[in-house]
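All remarks here apply to the structure that follows.
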Amino acid sequence: MNTIYLDHAATTKPDKEVLETMRRVQETCWMNASAAYDGAFEAKKEINAARRAAASLLGTMPQEVYFTSCGTESNNWVFSAFRGKTVLLSAIEHSSVLNAARGQGCRVTLVSPNSQGVIEPDTIEKALTPDTALISVMWANNETGVIQPIKEISQIARSRGITFHTDAVQAFGHIPVDAGLCDYLSVSAHKLYGPKGVGLMYMKQGKGLSALLCGGGQEFGCRSGTENTASIAGFGTAIGLAQADLKDRALREKALTDEMIGLLTDAIPGSFVPGACADRLPGVFSIFLPAQTSEKMIAMLDLRGICVSGGAACAGNQKAHGSTYEAMGIDEKHVIRISVGRHTTWDEILYAARQIVELSDR
Ligand code: PLP
């Protein structure tokens, strides 16, 4: 039985070209990138090429890009600089934002989404106090796929001189992301067909944070640790591939998800898409199934070789806070998330939709 993978928001399979880059770099550029001989310089060149690729897709300067080990590290890095300060977060942030802010002892103010899963700029504005030091709102939500009004929120932050961070882990490589709108921005390679264990942080020039990891001074003295050259280079290849097919891929993924949404909502009474009226990522949607639990649906689909999820895939869905669906007033026990990718086929979509319809009231 072939697996039909419809959980690209959880992670993506590394692209063949990414794997080739990683293998080549492991074999030929394994020397320590900080060393002073020629071979080490080759490693440094690989890292710099990846930095340029990231900067190009983010619309920034390469020296504003810092490689980290994952999106979670990037998010933690931001909050480590706001210990004890008042931070304004949306209630639908990923756990690596919510738990990092709390873990760093920030004074957290949460802003709820509207019924479509959108964080309205007005609600942000009303929740600000003279003490608010940071606003953090994700670019796109990992459960509903809803894209947030980052430009407007950025303007609010800027007009008040408040630092603005966005977690762009789900958005980067899938829709245009302009890092210039914020001071800090987090990205993860494994969401765009890159390897796991590598991410990046964009830090606006002049807004450099003190190091989260202190040591040998890699990454412009801000993130020490011998560079993971092969993974960073693989990440660079993934970014180049994402940039090359961004528009076409988005159109294709939107067509696939629109088709599936139509098939499911037509056939399953009472079903609906959380955030249906909002701007969403082209490849991600969730669906409420009134007569079935997500737990049972995921297990039954798994038996038929179809992978979907019930929301964030972190640690078996064990969360210390409520889900985006809860924040939207939707019972998360009845919601599954479907996310297509570069290689999802029409046949897979049609087959999976048939199975979900068949299992929707068993
Ligand atoms: N932020 C969002 C919105 C995510 O979806 C994820 C992963 O699912 C993360 C952060 C964490 O990224 P990483 O897995 O690279 O730590």
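If I go through region 1-46 residue by residue, how many of them are closer than 30 Å to residue 349 by Cα and either among the aliphatic types (A, V, I, L, M) or within 16 Å of the ligand (Cβ to nearest atom) (or both)?
14
Condition (residue is within 16 Å of the ligand (Cβ to nearest atom), of a type outside the set (Gly, Ala, Ser) and in contact (Cβ under 8 Å) with a residue 40 or more places away in the chain) applied to region 261-272: is it met by at least one residue?
No, region 261-272 has no match at all.
May I ask you to list the residues in region 163-191 that are in a loop (DSSP other than H, G, I, E, B) and either at positive phi or surrounded by fewer than 17 Cβ atoms within 10 Å (Cβ to Cβ) (or both)?
Correct list: 173, 176, 178.
Pairs needed: first member in region 192-215, under 14 Å from residue 74 (Cβ atoms) and part of a strand (DSSP E or B); second member anywhere, among the β-branched types (Val, Ile, Thr) and open to solvent by 60 Å² or more (accessible area, probe 1.4 Å); C-beta distance under 9 Å; at least 6 residues apart or different chains.
199/72
When you go through 342, 337 one by one, which is the residue that is under 18 Å from the mean Cα position of the chain (by Cα), assigned to a loop (DSSP other than H, G, I, E, B) and modelled with pLDDT of 95 or more?
Matching residue, one of 342, 337: 342.
When you check residue 34 against the structure, is it within 27 Å of residue 181 (Cα to Cα) and hydroxyl-bearing (Ser, Thr, Tyr), yes or no?
no
Can you name the residue in region 176-217 that is under 20 Å from residue 150 (Cβ atoms) and either over 22 Å from the mean Cα position of the chain (by Cα) or of a type in the set (Val, Ile, Thr) (or both) and is also farthest from the ligand (Cβ to nearest atom) among such residues?
Filtering first and then ranking leaves 205.
Would you mind stating whether residue 103 is surrounded by fewer than 17 Cβ atoms within 10 Å (Cβ to Cβ), within 16 Å of the ligand (Cβ to nearest atom) and without any contact (Cβ under 8 Å) to a residue 60 or more places away in the chain?
yes
Collect the residues in region 12-51 that are of a type in the set (Asp, Glu), in a helix (DSSP H, G or I), modelled with pLDDT of 95 or more and farther than 22 Å from residue 63 by Cα, keeping them in residue-number order.
Once the filter is applied, which keeps residues that are of a type in the set (Asp, Glu), in a helix (DSSP H, G or I), modelled with pLDDT of 95 or more and farther than 22 Å from residue 63 by Cα, region 12-51 yields 17, 20, 27.
Would you be able to say whether some residue in region 345-362 is modelled with pLDDT of 95 or more and within 16 Å of the ligand (Cβ to nearest atom)?
Checking region 345-362: not a single residue is modelled with pLDDT of 95 or more and within 16 Å of the ligand (Cβ to nearest atom).
Kindly indicate which of 110, 88 is in contact with a strand residue (DSSP E or B) (Cβ under 9 Å, 6 or more places away or on another chain) and either within 22 Å of residue 145 (Cβ to Cβ) or within 16 Å of the ligand (Cβ to nearest atom) (or both).
Result of the check over 110, 88: 110.
Any idea which residue in region 56-78 is nearest to the ligand (Cβ to nearest atom), counting only those that are open to solvent by 20 Å² or more (accessible area, probe 1.4 Å) and among the hydrophobic types (A, V, I, L, M, F, W, C)?
Result: 70.
Please indicate, with yes or no, whether at least one residue in region 134-150 is away from the ligand (no atom under 15 Å from the Cβ) and touching a His at 6+ places or on another chain (Cβ under 8 Å).
Looking through region 134-150, at least one residue is away from the ligand (no atom under 15 Å from the Cβ) and touching a His at 6+ places or on another chain (Cβ under 8 Å).
In region 12-55, what count of residues is obtained for those that are buried (at least 19 other Cβ atoms within 10 Å of the Cβ) and over 19 Å from residue 188 (Cα atoms)?
Selection size over region 12-55: 4.
Of the residues 287, 338, which is within 22 Å of residue 143 (Cβ to Cβ) and away from the ligand (no atom under 16 Å from the Cβ)?
When all the criteria are applied, what remains is 287.
The values are calculated or read from the model by the stated rules, or taken from the named source; none is laboratory data. Computed from a predicted structure; not experimentally measured. Cβ: placed from backbone, ideal geometry, glycine included. Neighbour counts: every protein chain shown. Remember, those area values only see protein heavy atoms, side chains included, never the ligands or the DNA or RNA. Shrake-Rupley method; radii C 1.70, N 1.55, O 1.52, S 1.80 Å.
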